[in-house]
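The values are calculated or read from the model by the stated rules, or taken from the named source; none is laboratory data. As the structure is a prediction and not an experimental result, all values here were calculated from the model. Please note: Cβ atoms are built from the backbone with ideal geometry, for glycine as well, and neighbour counts cover all protein chains shown. Side chains included, ligands, DNA and RNA excluded: accessible areas come from the protein's heavy atoms. Shrake-Rupley method; radii C 1.70, N 1.55, O 1.52, S 1.80 Å.
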Amino acid sequence: MLWLATARRLTRRQFVDQFTTQPLALVILVTTTHSFSTNTLTSLDSYYANLVQACIRSKSLPQAKKIHQHLLKNTTRLKDTSFLLEKVAHLYITCNQVDFASRVFDEIPQPSVILWNLLIRAYAWNGPFERAIHLYYDLLQSGVKPTKYTYPFVLKACSGLQALEAGREIHEHAKALGLASDVYVCTALIDLYAKCGDLAGAQTVFRGMLYKDVVAWNAMIAGFSLHGLYDDTIQMLVQMQKAGTSPNASTIVAVLPTVAQANALSQGKAMHGFSLRRSLGGEVVLGTGLLDMYSKCQCIAYARRIFDAIDVKNEVCWSAMIGAYVICDSMREAMALFDEMVLRKEINPTPVTLGSILRACTKLTDLSRGRQVHCYVIKSGFDLNTMVGNTILSMYAKCGIIDDAVRFFDKMNSKDTVSYSAIISGCVQNGYAKEALLIFHHMQLSGFDPDLATMVGVLPACSHLAALQHGACGHAYSIVHGFGTDTSICNVLIDMYSKCGKINRGRQVFDRMITRDIISWNAMIVGYGIHGLGMAAISQFHHMLAAGIKPDDVTFIGLLSACSHSGLVTEGKHWFSAMSEDFNITPRMEHYICMVDLLGRAGLLAEAHVFIQKMPFEADVRVWSALLAACRVHNNIELGEEVSKKIQGKGLEGTGNLVLLSNIYSAVGRWDDAAYVRIKQKGQGLKKSPGCSWVEINGIIHGFVGGDQSHPQSAQIHEKLEELLVDMKRLGYCAENSFVLQDVEEEEKERILLYHSEKLAIAYAILSLRPGKPILVTKNLRVCGDCHAAIKVITIITKREIIVRDLSRFHHFKDGICNCADFW
């Protein structure tokens, strides 16, 4: 073997340099079959040390394992095993095999402080961070003295865990060793305190530094930027330059997020210009930061120019540009760039990239494309990534495919609080409020603590179901967990209490808010409106203006609706004109619907008809439906038929409009016409939604439909209604049979009316609740006139308040009177 003969003539250094490229089996063969002279290799230990060192430089894991294996077999021939094991541990760390390194480390009787530091650093960079901190305390117990290099690593681990108390204790250790002013230790301390939210502590360390390099300044600047303190960040940047330290690319990258958050585009452009003058613009990290800043300032064209100018783009850069398009509502462009990224093949999408493109699919309600991306996620192996899974879940829910969303949720291997929040919000948005509450309870039983986003998602379910007890528990939970003063929580609480019949509690939440936004004011105006408190809604609107809050189009929808429910025709007309003349808000379709509803409820059907004909754009089916509903209330058959033909002409005839027309005919005894409409409805495959009412008793929602006998206590409920009917008749109640829209005998009509869903719910509540306790019933349709009259009498008999929330408003019944004054 020629090369073996050559090896005998080489020095140790020459041998290692030349033959580390040879197959390891042959290199080892030399050590086991040939006895080296003193001039060639002074000792086997030195030879192995140099061989391991060469592997460290080449980062060759396969050779590292073979060397380790050979060392273990030849320990008896080695003089200093610990020294060589340290080298092997270092080799494993270099190859990013920290667990292997840790096993080797545990075999060394007295590891050097250098190896302690290397292993602590490895865990501090790659995790688990707890292991780095435990190693530090093991180092102290072993009697080895930490060095100035130990502390930056262990403090980085504390920073990653946001373990502030542990960090403070380690800070004291550093002080005891006289390292309190070391620039590396201080920089790590600044980073720790800043990331843990203790900016005062970070500033104290920073001010105490004898020498501040650019990294220290960057750490302090990044701390302010992390917490969105724009003014402090810019101030610190100015001080840095005044102190004679020139910002580098990392400085700019640290500042850009807070510039974007503050939407300070001019400052962002200035920083971009600075980076170009200093020739920093070619760096991919800085370029990615700049394009992110421009996108968040809604300058997508600038962001794209930055992207195109970056010479070598990595996955983060591509992901940032795709995310930029999504932020700027350019979903098609985001999808096109994603396609280009996939076709390039050398760049692989990251979980963040996939999350962004899934959000684009959601925004476009492009379910087909969303399913394609879902398939790509599975093929790429990212289906187990919780963040990606949550985005897929949200996509299905927001696209209205709630069954697929629930199936996907059930199959998720790894769920977190965001997963539960997404499925809860999805259920509520798609009308599955009861299912949302069930998932919420399952979430708590599974050991997940609902966060702010979860509560914002679940409280609207309580609003939809009028589940006051659940809503009040949610309110208490929010207060206990520190969410009670959050503006978004307060907004949904106002809505929840309003829709659960407790407008005064909603007002209390509003009055206690620290910060109110436009949504807060709108929620109160809408709340007053659905309770028939039109003048209170107008008063709230004036207070809003006085507080300097500018109304938006939603404000006027709430205001006009409030006027409609309270019969404030003059006021409604005034505010409809004022919104465009005084507030420069162009009325949209929803505002015209409110006005038609306002005029229709007041019986001004002809005026409402003319109003529609004078609209500046073509009225949609919802506007005509509002007029048709008014024709039903006021039994205007002629106009009702004309409006129905208008709706038919649009080709958008739905169940609700056919039911309204059928009811108009039935109300005046035109049974044949009513039957014809119902046959037509059936022929089109349309089904009428049955009247349904529900009531919350001790935290459980009980639902009823007309004539329902499915409830476990159905017999007692019907018996209670029979008792009430006798007492009601004594007080002068007479069934209003005109509200039975069926051609049956008068006696049968009375029985049908008696078992309407709202009466069943009230009877069950009377049986279940203590005497005198108010009853809250929710109905999915408009409460009928007979039930309205009957409930007035029931409040006298039972001596309790009854609140009914129907499709459009609240009715507060007390002592034989309803607050709607029979106007609804």
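Observations, loosely collected:
- Taking a straight line from the alpha carbon of LYS65, these lysines sit under 28 Å away, with near neighbours fewer than eight places off in the same chain left out: LYS73, LYS79, LYS87.
- Charge tally in the Cβ shell below 9 Å around ASP806, where Lys, Arg are +1 and Asp, Glu are -1, ASP806 excluded: +3
- Values of log10 I(q)/I(0), in the order q = 0.10, 0.11, 0.24, 0.25 Å⁻¹, for region 192-276 under a Debye, Cα-only, solvent-free model: -0.22, -0.27, -1.23, -1.31
- Each residue of region 472-485 was assigned a 3J(HN,Hα) from its phi angle through the Karplus expression (A = 6.51, B = -1.76, C = 1.60, θ = phi - 60°), giving 5, 5, x, 4, 4, 4, 4, 5, 4, 9, x, 9, x, 9 Hz with x at Gly and Pro.
- Cross-link reach is defined here as a Cα-Cα straight distance under 20 Å, omitting same-chain residues fewer than 8 places apart; for LYS411 the aspartates and glutamates meeting it are ASP383, ASP403, GLU435.
- Positive contributions from Lys and Arg (+1) and negative ones from Asp and Glu (-1), summed over other residues with Cβ under 11 Å from the Cβ of CYS787, come out at 0.
- Cβ-defined net charge surrounding VAL88, 12 Å radius [Lys, Arg +1; Asp, Glu -1]: +2
- Accessible surface of TYR764 - all protein chains present, 1.4 Å probe, nearest 10 Å²: 10
- Dipole moment magnitude, nearest 20 debye, region 529-622 about Cα centre, only Lys, Arg, Asp, Glu C-beta charged: 120
- Flagged links, alpha-carbon separation over 20 Å, of LYS729/LYS799; LYS773/LYS799; LYS195/LYS269; LYS573/LYS779: LYS195/LYS269; LYS573/LYS779
- Using θ = phi - 60° and Karplus 6.51 cos²θ - 1.76 cosθ + 1.60, couplings along region 398-413 (whole Hz; Gly, Pro as x): 6, 8, x, 9, 5, 4, 5, 4, 5, 4, 5, 4, 5, 8, 4, 6
- Average silhouette area of region 105-181, convex hull of alpha-carbon atoms, in square nanometres: 4.7
- In this Cβ point-charge picture (+1 for Lys and Arg, -1 for Asp and Glu), region 105-217 has a dipole of about 320 debye about its Cα centre.
- The aspartates and glutamates whose alpha-carbon is closer than 17 Å to the alpha-carbon of LYS59, local same-chain residues fewer than 8 away aside, are ASP17, GLU86, ASP99.
- Dipole magnitude of region 288-394, debye to nearest 20 (Cβ charges: Lys/Arg +1, Asp/Glu -1, about Cα centre): 180
- Across the cross-link table entries LYS296/LYS550; LYS156/LYS363; LYS646/LYS759; LYS148/LYS212, which are compared at the Cα atoms, the separations over 28 Å belong to LYS156/LYS363; LYS646/LYS759.
- Accessible surface of SER566 - all protein chains present, 1.4 Å probe, nearest 10 Å²: 40
- The solvent-accessible area of LYS759, taken with every protein chain present and a 1.4 Å probe, is close to 10 Å².
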